[in-house]
Amino acid sequence: MSVAGLKKQFYKASQMMSEKVGGAEGTKLDEDFKDLERKADVTSKAISDVLCKTTEYLQPNPVSRSRLTMLNTMSKMRGQMNSPGYPQAEGLLGECMLKYGREMGEDTNFGGALVEMGDAMKRLAEVKDSLDIDVKQNFIDPFQAIVDKDLKDIQHHLKKLEGRRLDYDYKKKRQGKIPDEELRLAEVKFEESKDVAETSMQNLLDTDVEQVTQLAALVESQLQFHRQSMEILEELAQRMRERVNEAQSQPRQKRMPASRPSFDCLDQEDSNGGWSPSAATQRLTIVFPSFTSAAPSFNRTSSRQKRNSTDQPCCKALYDFEPENDGELGFYEGDIIKLTNQIDENWFEGTVHGHTGLFPCTYVEVMVPLRH
């Protein structure tokens with residue numbers, strides 16, 4: 001940095017300390033500019049928050065969102081173009097129904113109904129994927145472009161304006177010690193930055209038509225999604241009603257219990273060595289065990305090993321977790337997992353049943369934390 005640049009930084013820091021500590025007043029911006037800045041700030045927050053909540057609306061599961069983000073990052077690092085999509089709840093439900101429906105057999109009423117409903121759930125998942133794509137292209141991407149360009153430009157211009165205001169106020173306060181030409185140049189730069197910042201904020205507010213158009217595109221995508229979902233569900237409901245009517249019209253099959261052979265107990269002399277209740281009663285002898293007053297002995301070695309095993313970092317599984325990708329660790333509810341590392345705020349690395357891998361933090365309760 002040049003000497004002039006260092007002097008300017010010193011001027012701005014000195015003026016800021018005078019205002020914050022000494023209570024000195026700086027150059028006041030006009031009310032129109034402040035009103036414009038307030039409106040631009042509200043618009044910026046609205047765009048950022050709506051963008052975040054829209055992503056949560058499309059992908060409500062935070063664990064799946066963090067896993068998808070991690071996988072997308074890993075795919076980019078590996079140079080892979082295709083990354084796995086968000087696991088829709090309808091698709092997971094459909095796969096479960098298809099699995100057990102086929103195991104029961106499609107020729108059974110319940111099994112066939114599960115298969116039909118599983119197919120419908122899979123179609124709903126595909127419609128939901130289409131909604132994700134449409135909303136991303138027509139709503140999220142345009143709003144993200146505003147955040148990445150327009151809002152960053154406004155913040156840059158406002159920051160530059162504040163720096164030039166501090167430089168101008170410092171030189172104005174020392175008028176007579178600072179050359180007039182340098183003071184005039186500082187004032188010109190301050191007014192120039194004010195005009196640029198004002199123009200950038202006004203441009204953001206003038207694009208409200210585009211923002212409303214993007215909101216309309218979001219509504220159209222949702223409307224198309226619900227229309228297609230309604231068609232699938234109406235068709236499914238009709239087929240379920242037909243199955244119910246068909247099952248009710250069929251007569252119930254009566255099952256007769258199988259007859260059991262009867263056995264007569266013979267007398268002891270006629271039984272030829274067979275079992276006789278009276279003989280068994282006569283020979284029945286009950287032996288009661290003797291109890292001693294000796295105190296039970298405890299295995300102290302196993303107790304000591306158990307205490308030592310709980311000293312190592314570990315956690316207890318709250319739910320079953322099925323790995324969906326390479327490198328993830330599967331476990332069942334109640335398993336005690338040995339912790340080896342914490343990848344980030346959402347993922348642990350651990351070992352259980354002789355396997356090591358990653359698993360989400362929300363699925364477990366930490367019993368002995370990792371030592372840092």
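The values are calculated or read from the model by the stated rules, or taken from the named source; none is laboratory data. None of the values given here were measured: they were computed from a predicted structure. Backbone-built Cβ (ideal geometry, glycine too); neighbour counts: all protein chains shown. Note: areas computed on protein heavy atoms with side chains; ligands, DNA, RNA excluded. Shrake-Rupley method; radii C 1.70, N 1.55, O 1.52, S 1.80 Å.
Summed over the residues of the range 25-248 and divided among them, the accessible surface reaches 62 Å² per residue at a probe radius of 1.4 Å. Model label points for His226 and Ala247, set 7 angstrom from Cα along the Cα-to-Cβ axis, are 3.1 nm apart. Largest to smallest in accessible area, the residues Tyr170, Tyr319 fall in the order Tyr319, Tyr170 (1.4 Å probe, all protein chains included). Each Lys and Arg contributes +1 and each Asp and Glu -1, all at the Cβ; summed about the Cα centre of the range 90-246, the dipole is approximately 1060 debye. Each residue of the range 119-128 was assigned a 3J(HN,Hα) from its phi angle through the Karplus expression (A = 6.51, B = -1.76, C = 1.60, θ = phi - 60°), giving 4, 5, 5, 5, 5, 5, 5, 5, 5, 5 Hz with x at Gly and Pro.
Placing a pseudo-label 7 Å from each Cα along the Cα-to-Cβ vector at Leu6 and Glu324 gives an inter-label distance of 5.7 nm.
For the range 94-112 versus the range 172-246, the spacing of their alpha-carbon centroids is 47 Å. Only Lys, Arg, Asp and Glu carry charge here, each on its Cβ (+1 for the first two, -1 for the last two); on that basis the range 314-368 has a dipole of about 300 debye about its Cα centre.
Accessible area per residue for the range 314-368 is 58 Å², calculated with a 1.4 Å probe on protein heavy atoms, without ligands, DNA or RNA. The Cα atoms of the range 25-248 define a convex hull whose projected area, averaged across directions, is 19.1 nm².
With all protein chains present, how much of the accessible area of the range 314-368 (probe radius 1.4 Å) comes from carbon and sulfur, to the nearest whole percent?
Carbon plus sulfur share of accessible area: 44 percent.
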